[in-house]
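Please read the structure below before turning to the comments.
The values are calculated or read from the model by the stated rules, or taken from the named source; none is laboratory data. This one's a predicted model, so the numbers in the text were calculated from it and none came from an experiment. Here the Cβ positions follow ideal geometry from the backbone for every residue, glycine too, while neighbour counts run over all protein chains shown. Surface accessibility is based on the protein's heavy atoms, side chains included, excluding ligands, DNA and RNA. Shrake-Rupley method; radii C 1.70, N 1.55, O 1.52, S 1.80 Å.
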Amino acid sequence: MVRGKVEMKRIENSTSRQVTFSKRRNGLTKKAYELSVLCDAEVAFIIFSNKGRLFEFASSNMQKIIERYRARARETMTVDKSTELEHYMENLKHETANMAKKIEILEVSKRKLMGQGLGSCSMDELEDIDSQLERTLKIIRARKTQLFKDEIERLNAKERLLLQQNASLREKCGLRPMLLESAPVPAPPPTPPAQAKERGNCSQSTKSWEVETELFIGIPQMRCL
């Protein structure tokens, strides 16, 4: 009779599941015993059922087998860590070598940009260096211009703030606001001709009156007017 293929999934029926557990456990115990006897191997296994019952098998002392397993696991872990550390150190060495090559290339490029070691450069390399310098100068000049603009804006803002503070202080002290620029003195309005003539006559009469009322001290004399 051909045995059918068992589908690997949880058996829903509890009775069938318990029967299958017992059969498979007994079969596993038999196979483990045969392996230990036929191959002179130390075999052990531990099984917990779904209800928490413990089932175990050991071809010799279970505790000794467990201690031997733990010691072997520690050795394997140590070896794995050592191997991992070696791989890590190798990777670091490769990265260090690559970094050193990149640094050397950058140093050569820097010296060429500084005008050193240009004797071995071809015309194409010189043109490339010239283009790099032009681009760098454009970037530097643009940045410099921007910094100047920012500084001018900052100073203008500071000036406006100081003027506002000054005006506020003068207002608190009862002073007139300070003029930023001196206002031009307005020219006097033109004098009409009649007024100009009157002013001239007044000036002449004043002079003559001063002459007529001049104080004279001494013997009266005849004077021709």
Practice task
Inspect all residues belonging to region 114-133 and state whether any of them is touching a Cys at 6+ places or on another chain (Cβ under 8 Å), hydrophobic (A, V, I, L, M, F, W, C) and open to solvent by less than 70 Å² (accessible area, probe 1.4 Å).
Solution key: yes
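Listed here are the residues, each with its yes/no results for (1) under 60 Å from the mean Cα position of the chain (by Cα); (2) more than 20 Å from Arg10 (Cβ to Cβ); (3) at pLDDT 90 or above.
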residue: Thr20; (1), (2), (3): no, no, yes
residue: Leu28; (1), (2), (3): no, no, yes
residue: Lys31; (1), (2), (3): no, yes, yes
residue: Leu35; (1), (2), (3): no, yes, yes
residue: Cys39; (1), (2), (3): no, yes, yes
residue: Glu42; (1), (2), (3): no, yes, yes
residue: Phe48; (1), (2), (3): yes, no, yes
residue: Phe55; (1), (2), (3): no, no, yes
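Quick one: in region 18-34, of everything that is touching a residue at least 12 places away in the same chain (Cβ under 8 Å) and of a type outside the set (Val, Ile, Thr), which residue is most open to solvent (accessible area, probe 1.4 Å)?
The selected residue is Tyr33.
Mind telling me which of the residues Ser49, Ser14 ends up being among the polar types (S, T, N, Q) and touching a residue at least 24 places away in the same chain (Cβ under 8 Å)? Give the derivation first.
Details: Ser14 fails: touching a residue at least 24 places away in the same chain (Cβ under 8 Å).
Selected residue: Ser49, the only one of Ser49, Ser14 that is among the polar types (S, T, N, Q) and touching a residue at least 24 places away in the same chain (Cβ under 8 Å).
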Fill in the blank from the handout: Going through (1) open to solvent by 80 Å² or more (accessible area, probe 1.4 Å); (2) closer than 20 Å to Tyr69 by Cα; (3) among the hydroxyl-bearing types (Ser, Thr, Tyr) one by one, Thr15 fails only at (2)
Practice task
Using the structure shown, decide if Lys93 is open to solvent by 90 Å² or more (accessible area, probe 1.4 Å) and closer than 30 Å to Lys23 by Cα.
Solution key: no
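Which members of region 62-90 meet the condition of being open to solvent by 80 Å² or more (accessible area, probe 1.4 Å) and either of a type in the set (S, T, N, Q) or under 26 Å from Phe21 (Cβ atoms) (or both)?
Residues of region 62-90 open to solvent by 80 Å² or more (accessible area, probe 1.4 Å): 63-64, 67-70, 72, 74-75, 77-81, 84-90.
The answer is Gln63, Tyr69, Thr78.
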Problem - Close pairs from region 55-70: first without any contact (Cβ under 8 Å) to a residue 60 or more places away in the chain and farther than 15 Å from Lys30 by Cβ, partner in a loop (DSSP other than H, G, I, E, B) and among the acidic types (Asp, Glu), Cβ under 8 Å, at least 6 apart - result: Ser60/Glu42; Ile65/Glu42; Arg68/Glu42
Practice task
Name, by its number, the condition in (1) open to solvent by 60 Å² or more (accessible area, probe 1.4 Å); (2) among the hydrophobic types (A, V, I, L, M, F, W, C); (3) part of a helix (DSSP H, G or I) that does not hold for Ile46.
Solution key: (3)
Practice task
Identify, from the list Lys110, Lys102, Lys81, the residue that is under 30 Å from Asp128 (Cβ atoms) and either touching a Pro at 6+ places or on another chain (Cβ under 8 Å) or modelled with pLDDT under 90 (or both).
Solution key: Lys110
